[in-house]
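Comments concern the structure below.
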Amino acid sequence: MNIHDLHSWKVTPSEARGLQKHLAGCVRLAALAHMPQTIAALDCAFSSDQTQIAAVAVFMKMPKMEIIETAEAILEVTFPYVTGLLSFREAPACLGAMRKLHDIPDVVLVDGQGIAHPRRLGLASHLGLWLDCPTIGCAKSRLIGRYESIPAQKGEHSPLKDKGVTIGSVLCTRDRVKPLFISPGHKITLAQSIEIVLSCCTRYRLPEPARLAHQLVTQLRKRL
């Protein structure tokens, strides 16, 4: 997969915040013309000493969730851990894995936030701009926003809001489990993000592409 460089990753935390504010204005939330036929999921893991990061991309065919190919990348960590600047720490490895895929997925599912971010540029949105394709943030925990509790039944969801603006959704993907935090990243709507995540969920809390990516990156982490 060919990826055009958008900017340098050699920035300070202060420069990174400024870059996020600028890039957030480039994010576009627009409806897909049709439901995707292929999907890729990205997940990352760090070595125990936090000096290396591994990323895995799982490319699957929908709706049967058949694996087409997988790719991985291992890089040295070059950016410190700073709340709200996760993408500057993880995105380079994610892009390294995506570059190894032979085809371009219709949509990319990212373990992180989309616009549900203080500066509206979480990992999924940032990657969406680099990849120039639709991305969805599918996080296990909340970064910002308020929401009303929902029944622990698959399909139930509630708006995630920040300063009166809907930035995502709290979505239950399986009965009697904790919800996920879904937010559009780029080139997709929130409603379609919810629909796609639910269509990829089988027997587990995580949608199948994300679950497999998590499994593979956990195995890869053991080699670091």
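Calculated from the structure, Kirkwood radius over Cα pairs in Å equals which of (1) 18.0; (2) 17.2; (3) 18.6? Checking each listed value against the structure points to (2). Packing, as the average of other Cβ atoms within 10 Å across residues, places the peptides 143-153, 196-206 in the order 196-206, 143-153, highest first.
Projecting the Cα positions of His186, Ile167, Ser199 onto the charge dipole of the chain (unit charges on Cβ atoms of Lys, Arg, Asp and Glu, taken about the Cα centre) puts Ile167 furthest along the positive direction. Per-peptide packing, taken as the mean over residues of other Cβ atoms within 10 Å, places 96-103, 58-65, 110-117 in the sequence 110-117, 58-65, 96-103 from highest down. A simple charge model with +1 on the Cβ of Lys and Arg, -1 on the Cβ of Asp and Glu and nothing else charged puts the dipole of the stretch 165-217 at about 180 debye relative to its Cα centre.
Under a 5 Å amide H cut-off, with hydrogens placed 1.01 Å from N, Val108 pairs with Ala40, Thr135, Ile136 among residues at least 5 apart or on other chains. Database remark: amide H of Gln113 closer than 5 angstrom to the amide H of Leu123, Ala124 (H placed geometrically; neighbours at sequence offset of 5 or more, or on other chains; Pro and chain starts carry no H). What you get for the chain, charging only the Cβ of Lys and Arg (+1) and of Asp and Glu (-1), is a dipole of about 560 debye around the Cα centre. Normalising the average separation of contacting C-alpha pairs (under 8 angstrom, six or more residues apart) by the number of residues puts the relative contact order of the chain at 22 percent. In terms of overall dimensions, the C-alpha atoms belonging to the stretch 92-181 reach 41, 30, 19 Å along their principal axes, ordered largest to smallest.
Read-outs throughout are calculated quantities, based only on the coordinates presented, and are distinct from any laboratory measurement. Keep in mind that this is a model prediction, so the values were computed, not measured. Glycine also receives a Cβ, built like all others from the backbone with ideal geometry; neighbour counts cover every protein chain displayed.
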